[in-house]
Amino acid sequence: MADGTESERQEGPQTDRAAAGRRALAAVRAGGKAALARALAELEQSPDAPATLALLDAAYAAPRARVVGLTGPPGVGKSTLLGRLIAGYRARALTLGVIAVDPSSKRSGGALLGDRVRLATDPQDAGIFVRSMAARDRLGGLADVTMAAMVLMRALYDRVLIETVGVGQSETDVAGAADTVVFCVQPASGDALQFMKAGIIEIPHVSVVTKADMGAPARRTLGDLKAALALAAPAAAPEDEAGEPRDVLAVSATTGAGVDDLMAAVERHGDWLNEGRRLDRRRRAQAEAWLRQCLRDRIGRDGLHRLVAAGIDLHLAPGVSPFARLAALARAAGGS
């Protein structure tokens with residue numbers, strides 16, 4: 001009699017890998033900042049290593065945090081606002097993982113660390129971890145490994161905050177990683193038409209005019225932003241987005257005015273996502289989009305088309321991690 005079916009023979013290794021991933025995730029939790037730093041370094045250096053994939057699969061299966069993305073043009077004050085949000089969340093005893101995507105050094109390719117230098121955090125505070133990542137040649141405002149780092153931090157902290165590199169209209173990838181996107185603009189930055197031309201006006205769930213302490217210019221920009229959002233609003237939203245909160249407000253990171261309102265708006269959007277299975281569906285769609293993008297990066301459009309033509313289903317079943325699937329599909333297609 002045969003020892004078992006093919007699926008039964010595969011079940012053992014898969015179960016062992018899942019158990020190894022859970023043990024690795026527990027070790028990162030227990031090891032604190034140092035363990036997380038080592039894990040992030042490993043996933044940057046060896047993203048397809050079996051141990052890395054097992055860890056990411058385990059983290060993907062155990063989400064804990066709400067993920068908030070901050071985006072907007074350079075000089076808008078994202079880093080200062082991020083500092084206020086960090087202080088606000090820590091005052092509420094919420095733990096934080098922070099990913100600051102910085103411009104890349106043309107010489108080394110590494111992050112210039114501009115945002116982390118401006119963030120005043122207590123290095124002894126075990127409840128916050130800040131990681132800078134280099135955008136390198138990515139035009140979407142995020143680094144190549146941001147999704148993996150986010151998934152790992154999402155399993156460890158109460159909130160994950162992602163600040164994108166300030167590159168204007170190409171900062172759209174954050175919508176594929178964050179549950180709630182906060183779009184920041186500054187006073188006198190343009191009228192409704194310019195907001196529309198920026199190409200990202202339909203992305204944010206919360207829109208913020210920074211430097212509200214400037215007075216009249218901030219109020220005018222707030223009006224422009226509300227007008228732009230009204231023009232960009234679809235005539236009929238998809239059923240899953242009906243009633244989705246989209247707040248518009250003004251904040252001064254210098255004085256702290258409006259920061260509590262911003263945090264309340266972010267939490268309100270998170271609560272809306274938690275109704276039904278909206279959050280699960282959105283995160284699965286994000287993971288599928290990330291999987292397709294990574295496949296295009298690794299095997300090209302032709303390789304991706306060959307996979308589809310061969311009948312390979314690129315959709316993810318509920319609970320299935322995109323990380324091990326990416327490595328397997330890339331190998332099957334002959335990619336690296």
Practice task
Based on a Kirkwood Rh over C-alpha pairs, give the Stokes-Einstein translational diffusion coefficient of region 277-336 at 20 °C and viscosity 1.002 mPa s in µm²/s.
Solution key: 183 µm²/s
Fill in the blank from the handout: Around GLY303 (Cβ within 11 Å, Cβ-to-Cβ, excluding GLY303; K/R +1, D/E -1) the net charge comes to +2
Practice task
Using per-residue counts of other Cβ atoms within 10 Å, averaged over each peptide, order 253-264, 275-286, 308-319 from highest down.
Solution key: 253-264, 275-286, 308-319
Fill in the blank from the handout: Extension length gain for ALA27 and GLU202 (0.36 nm per residue less Cα distance), in nm, is 59.0 nm
Handout entry: Mean Cβ count within 10 Å, highest first, over the residues of peptides 151-158, 83-90, 15-22, 205-212
Key = 205-212, 151-158, 83-90, 15-22
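Readers should treat all values here as calculations from the given coordinates under stated rules, not as data from a laboratory. Just so it is clear, the model here is predicted, and its values are computed rather than measured. Please note: Cβ atoms are built from the backbone with ideal geometry, for glycine as well, and neighbour counts cover all protein chains shown.
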